[in-house]
Structure formats: C-alpha cells, structure tokens
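The values are calculated or read from the model by the stated rules, or taken from the named source; none is laboratory data. Because the structure is a prediction, the values reported are computed rather than measured. A quick note on method: Cβ atoms are made from the backbone with ideal geometry, for glycine too, and the neighbour counts reach across all protein chains shown.
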Amino acid sequence: MTILLELVKVKSATVRILHWLIFLATADLLLTGLYIGWPVLLAGAGEPYQTFVMAKIRLLHFSGAIVLDVAFLLRLYLAFFSTFHRDWKEVLPTPTNIGNAAQTMRYYWTFKGVLKEYRWVDPLDGLTFFALHMVLAAQLFTGFALYAPGIELSTGMIGIWAKTLHLLTDWTVWLFGGLPGVRFVHHLTLWIMVTGVLLHIYMQVWKTIKLRRADISAIVSGYKLMNINRGK
C-alpha cells in the first residue's frame, strides 16, 4: 500500500506565536509559583535590599501572569474572529466532539478501529485544550485574588487597579471560604495544569513518532503531513 502525504497549513503565525507565549508564561508561573509557595533561602551579594529574592520572584510571577492574560485573551479572540480559521466549535464539549474524542482515545489505547484525520483540531486535543483553558482561567482568577489584598486601596491609577481586581476576583474568596481556600485551589489547579501539559506534550511526541504526521513541527512551521490518497 502506498500512502501519499501532503504538507497542509494548519496554524497561522499569530496562533503559533501565542501558543509559545502561553507556554513560556506558564513555565515562568510554574517555577516562580513553586518558590512563592515553598520559599527557600537564596543568598546574594550586596545589601539586603539588593538581595530581596521574594520581591524579584513575585515580580517575575506577576509579569508572567500579565503575559498569560493578554495571550489568553488574544487566542480567545482568534477562536471566534480569526481570518485563517475559527476553531471555537472544535474545542467545545459537544456530543459530536465528545464522541469523536472517545473514538480517538479508543484507538490510542487499543489500536483498534479507524483513526480519523483532522486538519484543524483533533477532538481529543480540542477537549483537552478546553479543559486546560478552564483550569487556566481558575488559576488567573484565584491568582489575582491572592494578589489584590496586597495593593493599597488608594486614589489614582493604583486605586483603580486595586478596585478592579477586587471587583473581578472577590467572588473567589466567597466561593472558596477565604484566602486560604483560594490559595489551596490556586495550588491544586497548578498541578492539574502541569499534568495536562505533560500529557499534551507526550501525545504530540507520540503522534509525531507513531503516525508520522509532523504534529510537533506544526506548532513551529504551521504545517503538518496529511494523507491525501491511498492506493496499491
């Protein structure tokens, strides 16, 4: 049997850039968040104010959160209004997507049945992305809820920023029974996110090696291999 493969464009440059921004921001938040949650002694040269490690780590953590926020909102916008491909329908947990995802998962586990090819979003990947973005949203709200009490409620831009954060995130304090509960959920969603990211990376490597569709290179070049014809 001869299988003919063709390079097909599946991701725009903007989507690829946002993907890597989200990846780098998530990595930054993971590493700095681990230090904030479980600080260890880090020594440096100079006066104490020059070696204020926690303040520097928190600055990196907050900067990563801002990058993640902006990239997340831009990616959400493209899901609905992209001129290349609008993929919001492909990541929602609709009955069709759930059924196709279950079929795809069955093939991965048993190698039985038929593995359908999807140019845009694999249903299993789509549902994984949806779940991870919901977890990501929970992290963003709980993270800013933990950050908001440290801002002085003053006048001017700082006051507006503080009031805006309280307005958007105070509901998490009520929902999770106070800041300790918010902190617990923030840490819990961190490990859910880490597990999901590791699973996502593993599946892309597996598909690239086993199916030879260049799934990993697609997020770099924008193209992947697809079967266009089969014959003897």
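Residue-wise test of (1) more than 24 Å from the chain's Cα centre (by Cα); (2) surrounded by 14 or more Cβ atoms within 10 Å (Cβ to Cβ); (3) under 30 Å from Leu34 (Cα atoms).
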| site | (1), (2), (3) |
| --- | --- |
| Glu90 | no, yes, no |
| Lys116 | yes, no, no |
| Phe130 | no, yes, yes |
| Met134 | no, no, yes |
| Ile158 | yes, no, yes |
| Pro180 | yes, no, yes |
Of the residues in region 66-88 that are assigned to a helix (DSSP H, G or I) and small (Gly, Ala, Ser), the one that is surrounded by the fewest Cβ atoms within 10 Å (Cβ to Cβ) is Ala79
Could you tell me which of the residues Ser63, Ser12 is farther than 26 Å from Leu199 by Cβ, of a type in the set (S, T, N, Q) and surrounded by 12 or more Cβ atoms within 10 Å (Cβ to Cβ)?
Ser63
Test for Met226: is it among the aliphatic types (A, V, I, L, M) and closer than 22 Å to Ser12 by Cβ:
yes
Filter region 92-113 for residues that are buried (at least 17 other Cβ atoms within 10 Å of the Cβ) and of a type outside the set (Ser, Thr, Tyr); the one that is farthest from Ala137 (Cα to Cα) is Asn100
Qualifying positions in region 155-211 - part of a loop (DSSP other than H, G, I, E, B) and more than 20 Å from Met105 (Cβ to Cβ)
Thr155, Phe176, Gly177, Gly178
Among residues of region 114-164 being among the small types (Gly, Ala, Ser) and farther than 22 Å from Phe176 by Cβ, the residue modelled with the highest pLDDT is Gly126
